[in-house]
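Undergrad: Supplied in structure tokens, the structure appears directly below.
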Amino acid sequence: MEDNIVASANLNTSSSIDSNIITTENPVWLSVSEAAKFGGVNTKTIRRAIQAKSIKYKVVKNRYFIELSSVVGFLLSTIKLKNKFNQYGIGQYVDKWIDK
């Protein structure tokens, strides 16, 4: 039997970022190391966000899996994280972000 625990996101972000997070029927789940590489941050930063319940995650067989949209919301929550996301993470490959 698979051990599956899901914790809800408690994003401490501005309302403009929360409105950009899209709830999907089949979300993409990343491991801690994948989320860190995606965001250009250290795995310790992602684990701190998990402990603070700032991102949506689930535990499967003693492994954390983080929802992609909550990782993006978390990384855009502060200027320091946003700069790392844009300079070292996936943002370095994007010329211009589209504001909705």
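Computed from the coordinates by the stated procedures, all read-outs in this text should not be read as laboratory data. Everything numeric here is computed off the predicted structure, so don't read it as measured data. Every residue, glycine among them, receives a Cβ derived from its backbone with ideal geometry; neighbour counts consider all protein chains shown.
Undergrad: For an R0 of 22 angstrom, estimate the FRET efficiency from the Cβ-Cβ distance between Lys61 and Asn26 and round to the nearest 0.05.
TA: Values: r = 20 Å, r/R0 = 0.92.
Plugging the Cβ-Cβ distance into 1/(1 + (r/R0)^6) gives 0.60.
Undergrad: Along the Cα→Cβ direction, 7 angstrom out, place labels at Tyr93 and Lys53. What is the inter-label distance in nm?
TA: 3.4 nm
Undergrad: Compute the length gained on full extension between Thr78 and Ser33: take 0.36 nm times their separation in residues and subtract their Cα-Cα distance, giving the result in nm to one decimal.
TA: On the way: separation 45, 0.36 × 45 = 16.20 nm, distance 2.05 nm.
Once the chain is fully extended between Thr78 and Ser33, it gains 14.2 nm.
Undergrad: Loop-only trypsin sites (Lys or Arg not before Pro) in region 30-80, please: DSSP not H, G, I, E or B, and at most 15 other Cβ atoms within 10 Å. Walk me through the numbers before you get to the answer.
TA: On the way: sites: Lys37, Lys44, Arg47, Arg48, Lys53, Lys56, Lys58, Lys61, Arg63, Lys80; in loops: Lys53, Lys56, Lys61.
Answer in residue order: Lys53, Lys61.
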